[in-house]
Structures are given as C-alpha cells and as structure tokens.
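Right, one structure below, let's go through it.
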Amino acid sequence: MSSQKTTGPQQIRVLKNLNQQAAAWMLGCTARALRDWPDAPRNENGTYPARELVEWARDRVPRPDLSDDDYDRLLVIQDVLYNGEPSDGERLSIIDALRALRRKYGENAWLVFVDMLVREWADIDEQFRAEAFSVPTETDIRRKVDSEMSGWECRLARDQLRIATVCDYCGKLRRGRHWIKADPPEGYAVQGGGCPTCHVTSSEQDARKRASLGCTR
C-alpha cells in the first residue's frame, strides 16, 4: 500500500470536480435528489465544484416561520444597528433576543436576521462600493477640509450676526431699507429672502393662479 499523501493543490483539484455521487454524499442527500435540482452549480463537464455547491446549499436551508412579535423584534434590532453604535444595554439585549430566537426556532433562526440585513443594505452595495473602499486623494482631502472650514466660518459669522440677506428671485442684496445689486460682504453668511418687488410680483402671480382655479380667497 502506498503511503504517499495527496497534496493540498491535488485535493483542491478534486474538490473542484466532484462527481454526482461524491457531491451528493457531501451534501447529505441522494444522487437522484441532487440530479433533480437543476439550479445546482455544475461545471461544463457535468461535475460539481464543491465550494460553489456548498454556498448554493447554504442558501437553500429553510428559514423558520417567525411569529409577528418575533419578526418585529428583529426589525427593532435592525433599526438599532442601522442608526449607529448601539449602547452597552442595547448590545446585551440584542444578544439575549437572538439567543432566545435560536432556542425557540433552532439554529436557522439567525438566517432570517442575516437575510434581513442583506436585503436592507443590498441596494447600497454597488452604488457606494467604489467610494467606500477607495483611498482619498490629496485633492479629495483638501476639498473636504475646505468644506469643513467653510461650514465653521459660516457658523462663526452667524454667531457674530454677520449675515447677508439675498433675494431668492432677483439676487439683490438687502442694505437696510434698500435692495441693491451687489455681492455679499466678505466673511458674511448668506441667507435667502425676498425683496419687496419680487414679493409683490409673486403675490400677484399667486392671485392670478387662484383666480384661474376659481378660488375667491
């Protein structure tokens, strides 16, 4: 009898190309049952790749039918996790709730929670993946710093009542009783408003619109 052992790479090659009998044994089912699953992953030559087959089988594990109260508890946990860092008390309560579900429904109860999280967050997967895992450039960092500085300067200007009011419609700057065409002073925070001329025009337009709709008030 040969004592030579197969190497890791050799074993991986075998696992990538399991015949139906070996694949069925790995999943704990009959070869006929595996054959009757048309969506089971197969190689072009009809063999089964072990890793993909295990992932496929994991997704086929039946989920327990939770009561409305228990499902709502999972929704509450999801909201707590979604809204930020949970408190120590919330963490302990989450652990207790998940353990209680496992005792009540079995090991697969946690799969319901995993499915819920994946379904909730899947829509952001592709949209933000590149941004979330990218290393910011020097330009990105400078832009962020400039934005934060601008926000800080705006808050400081408001604290010191250095606020300029600009008409939302014509862009004129309020100077006391007058509205003039000018830029806001340097270092001032800008807020929107409406000059008397544009306010009257806007009121007239609203009145015409109400009249056209048959409104008397």
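The values are calculated or read from the model by the stated rules, or taken from the named source; none is laboratory data. Please read all numbers here as calculations on a predicted model, not as lab measurements. Glycine also receives a Cβ, built like all others from the backbone with ideal geometry; neighbour counts cover every protein chain displayed.
Scanning region 52-71 for residues that are of a type outside the set (Asp, Glu), surrounded by fewer than 12 Cβ atoms within 10 Å (Cβ to Cβ) and outside any loop (DSSP other than H, G, I, E, B) returns a single hit, 58. Within region 16-75, which residues are in contact with a Leu (Cβ under 7 Å, 6 or more places away or on another chain) and closer than 27 Å to residue 94 by Cβ? Hits for region 16-75 are 61, 63, 70. Restrict the check to region 78-100 and report whether at least one residue is touching a Lys or Arg at 6+ places or on another chain (Cβ under 6 Å) and at pLDDT 80 or above. Among the residues of region 78-100, at least one is touching a Lys or Arg at 6+ places or on another chain (Cβ under 6 Å) and at pLDDT 80 or above, which makes the answer yes. Applying the condition of being in contact with a Gly (Cβ under 7 Å, 6 or more places away or on another chain) and of a type in the set (Ser, Thr, Tyr) to region 131-173 and asking which residue is modelled with the highest pLDDT yields 165. Scanning region 169-189 for residues that are exposed (fewer than 12 other Cβ atoms within 10 Å of the Cβ) and on the phi > 0 side of the Ramachandran plot gives a single hit, 176. The residue that is nearest to residue 200 (Cα to Cα), among those in region 147-189 that are among the charged types (D, E, K, R) and assigned to a loop (DSSP other than H, G, I, E, B), is 168. Of everything listed in (1) over 30 Å from residue 43 (Cα atoms); (2) touching a helix residue (DSSP H, G or I) at 6+ places or on another chain (Cβ under 9 Å); (3) outside any helix (DSSP H, G or I), the single unmet condition for residue 135 is (2).
In region 44-60, the residues that are touching a residue at least 12 places away in the same chain (Cβ under 8 Å) and over 20 Å from residue 10 (Cβ atoms) reach residues that are of a type in the set (A, V, I, L, M, F, W, C) and assigned to a helix (DSSP H, G or I) with C-beta atoms within less than 6 angstrom, at least six apart or across chains, in these pairs: 57/27.
Regarding residue 74, is this residue surrounded by 14 or more Cβ atoms within 10 Å (Cβ to Cβ) and at pLDDT 85 or above? Criteria met by residue 74. Please specify each residue of region 31-40 satisfying the condition of being surrounded by 11 or more Cβ atoms within 10 Å (Cβ to Cβ) and either among the polar types (S, T, N, Q) or under 22 Å from residue 108 (Cβ atoms) (or both). Scanning region 31-40 gives 33, 34, 37, 40. Applying a threshold of 7 Å to beta carbon distances and a minimum spacing of six or more residues, or different chains, the list of pairs starting in region 67-82 at a residue that is closer than 20 Å to residue 103 by Cα and ending at one that is assigned to a loop (DSSP other than H, G, I, E, B) and at pLDDT below 90 is empty.
Of all residues in region 9-30, those satisfying the criterion of being assigned to a helix (DSSP H, G or I) and surrounded by 15 or more Cβ atoms within 10 Å (Cβ to Cβ) are 15, 20, 22, 23, 24, 26, 27.
The residue pairs whose first member lies in region 97-114 and is free of Cβ contacts under 8 Å to residues at least 12 places away in the same chain, whose second member is aliphatic (A, V, I, L, M), and whose beta carbons are closer than 6 Å, counting only pairs six or more residues apart or on different chains, are 102/109.
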